[in-house]
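These notes are about the structure you will find just below.
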Amino acid sequence: MGNPEKIESIEEELHRTQVNKHTEHHIGLLKAKLAKLRREEEADKNRSVGSTLSYAVKRSGDATVTLIGLPSVGKSTLMNKLTNANSKIASYYFTTLTVVPGMMEYKGARIQILDLPGIIGGASKGRGLGKRVLSVVRSSDLILFIVEVHQPDTLPILINELKNIGIRPDEQQPKVTIEKASMGGIAINSLVPLTKMRNETITKVLQLYDIMNARVIINEDISYDQLVDVILQNRKYVPSLKLMNKIDLVSPQTLKEIKSKINYDYISISAETNLNIDILKEKIYQKLDFIRVFMQPKGEETDYEEPLIIKNNSSVLDVCNKIHRELKYTLRYALVSGKSVKYNRQKVGVTHRLMNEDVITLITK
Ligand SMILES: Nc1nc2c(ncn2[C@@H]2O[C@H](COP(=O)(O)OP(=O)(O)OP(=O)(O)O)[C@@H](O)[C@H]2O)c(=O)[nH]1
Ligand SMILES: [Mg+2]
């Protein structure tokens, strides 16, 4: 049996199997097998096409945000309201055919926004404008999911397409580590009670991925799907905001009714008539979780006028990279004052994590 047939037969079995206490571990294992086969299929396909997997969009600014939505929901209209860009707008599907970048300046931060072509169910498998386009989301800091007021229940389609290419919107990296070893079999050390997995099946899933010897430390009650994510190590955990656009088309009463039916938090906007666009800008800024740090060049005054905007939890290395690509090679250490250190002008290395309003001096060779 080739991979496509194997995939089909597992899909059938999954379809046939009822989910209950007796079958859940078996189903977990089947899904892990399916994930592995699909991945091999994908690798084969890419090899035969010889494709370059992602769009080369140059990242710029302090953070990158991508607009994700079905065709014609108003992504480009919103893009033009948020940034200096002029992305084409029209009432037909697939007006935007490639990734269009723009820059939003807000409270001193420069936020790059990427307008994408509309995605449709099956995009991750090559339908519509597909996977290459979607892959730019992997390196973004925030996703804006946009649905139209008339189709508020289409959000799962969007999330599903991203999940299919290894993006995990709004999830956190599971607190599980797998330390591979050269012998000793698989030792599982769970520090929390597991309700969704059992040791025997965990071992089988690991073996499926050719991990025969390892120490598994489990700090969170995860599912088999998440275990596969940990094994594959190439998942991207990206936060999101959900937007409902075109609210100008319905009455306040209808809007209320929609709200009562929808089970996720969203921001109501009208890109065309500029409703709630300022609120949205602020929410984007907050969600990106920036901090400001001040540079003090050696022997000079601190520059409080132009703080450096960096993501919370950034390190001295991130600061170096932001200033100049080569800087990290000549850096000896940094002197930091502020909340992230115990003493003023404390000497720290590149991995030191900074906090809001720290003052930094970089000492180079
Ligand atoms: N009434 C109303 N119409 C809107 C709004 N935002 C966008 N539109 C209209 O919706 C249509 C599609 O808008 P676009 O911005 O091109 O949509 P898109 O999501 O970029 O579409 P694709 O690039 O094809 O995926 C256009 O006719 C817009 O004028 C809105 O807030 N209210
Ligand atoms: Mg568009």
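I want to confirm something. Restricting to the range 279-308 and keeping residues that are among the polar types (S, T, N, Q) and open to solvent by 40 Å² or more (accessible area, probe 1.4 Å), which single residue is nearest to K322 (Cα to Cα)?
Quick first cut of the range 279-308, residues among the polar types (S, T, N, Q) only: 286, 296, 302.
Within this subset, residues satisfying the condition of being open to solvent by 40 Å² or more (accessible area, probe 1.4 Å) are 286, 296.
Working: Q286: 20, Q296: 15 Å.
This residue is Q296.
For the range 74-95, the set of residues classified as within 9 Å of ligand 2 (Cβ to nearest atom) and over 14 Å from K281 (Cβ atoms) consists of G74, K75, S76, T77, S87, K88, I89, A90, F94, T95, listed by residue number. Within the range 70-99, the set of residues being more than 9 Å from ligand 1 (Cβ to nearest atom) and under 14 Å from V133 (Cβ atoms) comprises T98, V99. One residue stands out among those in the range 140-172 that are in a loop (DSSP other than H, G, I, E, B) and aliphatic (A, V, I, L, M): the one that is farthest from K261 (Cα to Cα), which is I165. Once the range 252-270 is narrowed to residues that are closer than 12 Å to I146 by Cβ and of a type in the set (A, V, I, L, M, F, W, C), the residue that is least open to solvent (accessible area, probe 1.4 Å) is I269.
Would you confirm, using the coordinates I've provided, whether G61 is more than 11 Å from ligand 2 (Cβ to nearest atom) and crowded, with 16+ Cβ neighbours inside 10 Å? I'd like the intermediate steps shown before the answer.
Details: more than 11 Å from ligand 2 (Cβ to nearest atom): yes; crowded, with 16+ Cβ neighbours inside 10 Å: yes.
The answer is yes for G61.
Does any residue of the range 113-134 turn out to be within 16 Å of ligand 1 (Cβ to nearest atom), in a loop (DSSP other than H, G, I, E, B) and on the phi > 0 side of the Ramachandran plot? There is at least one residue in the range 113-134 that is within 16 Å of ligand 1 (Cβ to nearest atom), in a loop (DSSP other than H, G, I, E, B) and on the phi > 0 side of the Ramachandran plot. When we screen I113, I143, I68 for residues that are under 21 Å from K287 (Cα atoms), assigned by TED's automatic domain parsing to the domain that holds L275, away from ligand 2 (no atom under 13 Å from the Cβ) and surrounded by 21 or more Cβ atoms within 10 Å (Cβ to Cβ), the only hit is I143. T361 falls short on exactly one of the conditions (1) assigned to a strand (DSSP E or B); (2) hydroxyl-bearing (S, T, Y); (3) modelled with pLDDT of 95 or more; (4) open to solvent by 40 Å² or more (accessible area, probe 1.4 Å), and that condition is (4).
Looking only at residues in the range 232-251 that are part of a helix (DSSP H, G or I) and at pLDDT 95 or above, which one is surrounded by the most Cβ atoms within 10 Å (Cβ to Cβ)? Per the stated criteria, the residue is I247. Cβ-Cβ contacts under 7 Å between residues 6 or more apart (or on different chains), taken from a first residue in the range 193-218 that is open to solvent by 100 Å² or more (accessible area, probe 1.4 Å) to a second residue that is acidic (D, E), are listed as P193/D221; R215/E179.
Take the residues of the range 304-344 that are of a type in the set (D, E, K, R) and not in a strand (DSSP E or B): which is farthest from A63 (Cα to Cα)? Walk me through how you get there before you give the answer.
Of all residues in the range 304-344, those of a type in the set (D, E, K, R) come to 305-306, 311, 318, 322, 325-326, 328, 332, 339, 342.
With the extra rule that they be not in a strand (DSSP E or B), the set shrinks to 318, 322, 325-326, 328, 339, 342.
Values: D318: 12, K322: 11, R325: 17, E326: 20, K328: 20, K339: 23, K342: 29 Å.
For the range 304-344, the residue satisfying everything is K342.
Considering E148, E179, the condition of being among the acidic types (D, E), surrounded by 16 or more Cβ atoms within 10 Å (Cβ to Cβ) and either more than 16 Å from ligand 2 (Cβ to nearest atom) or at pLDDT 90 or above (or both) is satisfied by E148 alone.
The values are calculated or read from the model by the stated rules, or taken from the named source; none is laboratory data. Bear in mind the structure is a predicted one, so any value in this text is a computation, not a measurement. Heads up, the Cβs are rebuilt from the backbone with ideal geometry, glycines too, and the neighbour counts pull from every protein chain shown. Keep in mind that these areas ignore ligands, DNA and RNA; they rest on the heavy atoms of the full protein, side chains included. Shrake-Rupley method; radii C 1.70, N 1.55, O 1.52, S 1.80 Å.
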